[in-house]
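S.K.: Quick one: the structure is below, and I'll ask about it shortly.
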Amino acid sequence: MILLTLIATAALALIAAAVILVRKLSGVDQSLPVTAEWISDLSTEQYRPMMRLLDSTDIQFLRDQPGYTRAMEAQLRRQRVQVFRGYLRSLNADFRRVSMALKILMTHSEKDRGDLASVLMHQELLFLTGMISIHCRLALYRWGLCTVDVTGLVRIFDQMRNELCSLVPSTLPTAA
Amino acid sequence: MTGGALSSFLRVLQYMLLVGSGLIAVKLYTTGLHRKYRIFFAYFLFRVPNSLWPLLLPASSVAYFWAFVYTGPLVLIFYILMVRELYHLVLEDYRGLQTAGRYAMYLSLAGAVAISILALLPKFTPTMTQSSKGLFLVSAAERGVDTALAVFIILLLALLSRYPIQLRRNVRVQAVIYSIFFLSSTMVLLARMVLGKQSVATLNAASSVISVCSIFAWLVMLSPEGERAPQRRTDARAKNEQRLLLQLEELNAALLRVSRSKIG
C-alpha cells in the first residue's frame, strides 16, 4: 500500500508538471530578453576582474603582513566569494540571454537550424557542468582547500557570444 | 457500493464511452479538425465499435476474452501513433527547431523507456494459467506503454519549454489530457496488480471514469478556434522585440539565400 501511495504521489506530481509546462508554453508571460543594442554591446571585458578575484597572490600578500590572523584570511575569503558569486550570477544571466537569442533565431527560422541546435546543446551542457564545478570549488575555496579557475567558463560564454555576433551582422540597423 | 450497483454504474459508463467516442468523431469531422488530427480521429472511429462489444458480450465468455486480447494491442498502437502525431503538431509551426526537436525526442524517449521498464518489474509467476498469462501480458504491455507515453510527453514539454515557443490551444489541450489519461491508466493498472482480484470491479469503474472524463474534456475543449496561433502583446517592450525579430528574420533570409547560392 505504501508503494501504491508513493506511485500515486509521483503520478500526481507528473500531472502537475505537465500542467505547469503547458501553461509555460501557452506564452502567457513570455518575453524576449534581448535587444539588438545589447547584442552589439556584449563583451567578456566586464568579467576580467572576476578572473583574478580569487587569485592566491592576494591571500599570500595578506599572510605576509604583520598582524595577520587566520580570522582575517577567513573574512577576506568570505568577502571575495560573495563578490565572485555576484559575478557568476551576472555571467549566468548573460549566458542565458545569449542562449535565448540563439533560440529565438532558431524559432523564427524557415529552415531547420541543426547547426545551431548542436552548438547550443553542447555549450549549454558544458556551461552547466562548468557552473556546478565552480560552485563546488567555491565552497572548498572558502576553507582554503582549493583554488578556483573561471577562465574555462568565461571561454564557453565567449564562444556563444561569438556565435551570436557572427550571426547578427553589424550592417543591420540596431535602432528603429 | 454493492456488486450490483457497481455493475450498473460500469454499464452506464460504458454507454457514456460509446456515446462520447461517437460525438468526438462527429465533432472532429464537422469542424474539419479530422484533417489535422488524423490518427486521433481514426482512434475514435475505431473506439466506437471497440466500446460496443463489451456491452454485447458477457464478461465471462470466451469471445469477450479473445476480443480483449486482440483489441488491446491495437489500442496501444493507436496510443503510440497519437503521441507521435502530437510530437509533429508541437513542432509544426517551428521548422527551425526540427533538429532540436529530434534531440528532445531522443532524450525523452530514453527517459520514458527507462522509467517504463521500472514499471514493468513485476513478472510472471509459474502458477499462472495460459489465459492469466495472456491477460497479464496485455496488462503489462499497456502499463509499460502508458507510462512511457506519459513520461515522453512531459519530458518533451520540459525540453521544449526552454525555447521561446507558443503552442496552439488544441495542442496544449491534447498534451495535458494525454498526460492525465496515460498516468491515470498506469495508476489503475498498478493498483489492480497490488490490490488483487477483489478490487478489479472498482478499479475497472475508476478506469472507465477516467476515460469518460478524458473523452468529455476533449469534446468540450478541442475547437477550430484552438488552431489559431497565439497573439503577441503590443506594448512598448513588444515593439522592441518586434524590431529584433525583424532583424533576425532578415538574417535568416540572408543565410537561406547564401546556402541556396552555394548549393546552386
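The values are calculated or read from the model by the stated rules, or taken from the named source; none is laboratory data. Just so we're clear, the structure is a prediction, and the values are computed from it rather than from any experiment. Methodologically, a virtual Cβ is constructed for each residue, glycine included, from the backbone with ideal geometry; neighbour enumeration extends over all protein chains shown. Side chains are part of the model used for accessible areas, which takes the heavy atoms of the whole protein and leaves out ligands, DNA and RNA. Shrake-Rupley method; radii C 1.70, N 1.55, O 1.52, S 1.80 Å.
S.K.: In this structure, is residue A:93 at the interface with another protein chain (Cβ under 7 Å from one of its Cβ atoms) and part of a helix (DSSP H, G or I)?
M.R.: Details: at the interface with another protein chain (Cβ under 7 Å from one of its Cβ atoms): no; part of a helix (DSSP H, G or I): yes.
Here the answer is no, as residue A:93 does not meet what is asked.
S.K.: Kindly evaluate residue A:21 against the criterion of being without any contact (Cβ under 8 Å) to a residue 24 or more places away in the chain and either farther than 30 Å from residue B:91 by Cα or part of a loop (DSSP other than H, G, I, E, B) (or both).
M.R.: no
S.K.: Right, next: So, in the range A:59-89, exactly how many residues are open to solvent by 40 Å² or more (accessible area, probe 1.4 Å) and part of a helix (DSSP H, G or I)?
M.R.: Qualifying residue count for the region: 17.
S.K.: Something else: Within the range B:125-138, identify whether any single residue is under 16 Å from the mean Cα position of the chain (by Cα), modelled with pLDDT under 85 and open to solvent by 20 Å² or more (accessible area, probe 1.4 Å), and answer yes or no.
M.R.: No, the conditions are met nowhere in the range B:125-138.
S.K.: Can you tell me which of B:238, B:205 is assigned to a helix (DSSP H, G or I), at pLDDT below 90, farther than 29 Å from residue B:88 by Cα and open to solvent by less than 40 Å² (accessible area, probe 1.4 Å)?
M.R.: B:205
S.K.: Related question: What is the residue count in the range B:190-207 for residues that are over 18 Å from residue B:137 (Cα atoms) and in contact (Cβ under 8 Å) with a residue 24 or more places away in the chain?
M.R.: 3
S.K.: Test of understanding: among A:12, A:6, which residue is surrounded by fewer than 11 Cβ atoms within 10 Å (Cβ to Cβ) and within 14 Å of chain B (Cβ to nearest Cβ)?
M.R.: A:6
S.K.: Further, regarding this structure: If you scan the range B:35-79, which residues turn out to be polar (S, T, N, Q), assigned to a helix (DSSP H, G or I) and either open to solvent by 30 Å² or more (accessible area, probe 1.4 Å) or over 17 Å from residue B:13 (Cβ atoms) (or both)? Walk me through how you get there before you give the answer.
M.R.: The first filter runs over the range B:35-79 and keeps only residues polar (S, T, N, Q), leaving B:50-51, B:60-61, B:71.
Checking which are assigned to a helix (DSSP H, G or I) leaves us with B:50-51, B:71.
Within the range B:35-79, B:50, B:71 meet the criteria.
S.K.: Look at the range A:101-112 and say how many of its residues are within 13 Å of residue A:163 (Cα to Cα) and either out of contact with any Phe, Trp or Tyr (no Cβ under 9 Å at 6 or more places or on another chain) or surrounded by fewer than 16 Cβ atoms within 10 Å (Cβ to Cβ) (or both).
M.R.: 2
S.K.: Can you tell me which residues in the range B:159-182 are within 7 Å of chain A (Cβ to nearest Cβ) and touching a Ser or Thr at 6+ places or on another chain (Cβ under 8 Å)?
M.R.: Within the range B:159-182, B:163, B:164, B:165, B:166, B:167, B:172, B:180 qualify.
S.K.: Any idea how many residues of the range B:133-158 are more than 11 Å from chain A (Cβ to nearest Cβ) and touching a residue at least 60 places away in the same chain (Cβ under 8 Å)?
M.R.: 8
S.K.: Could you tell me whether residue B:28 is part of a helix (DSSP H, G or I) and at pLDDT 90 or above?
M.R.: On the way: part of a helix (DSSP H, G or I): yes; at pLDDT 90 or above: yes.
When the stated conditions are applied, residue B:28 passes them.
S.K.: Can you list residue pairs whose Cβ atoms sit under 7 Å apart, with the first residue in the range A:100-121 being more than 7 Å from chain B (Cβ to nearest Cβ) and the second being open to solvent by 50 Å² or more (accessible area, probe 1.4 Å)? Count only pairs 6 or more apart in sequence or on different chains.
M.R.: A:102/A:163; A:119/A:163
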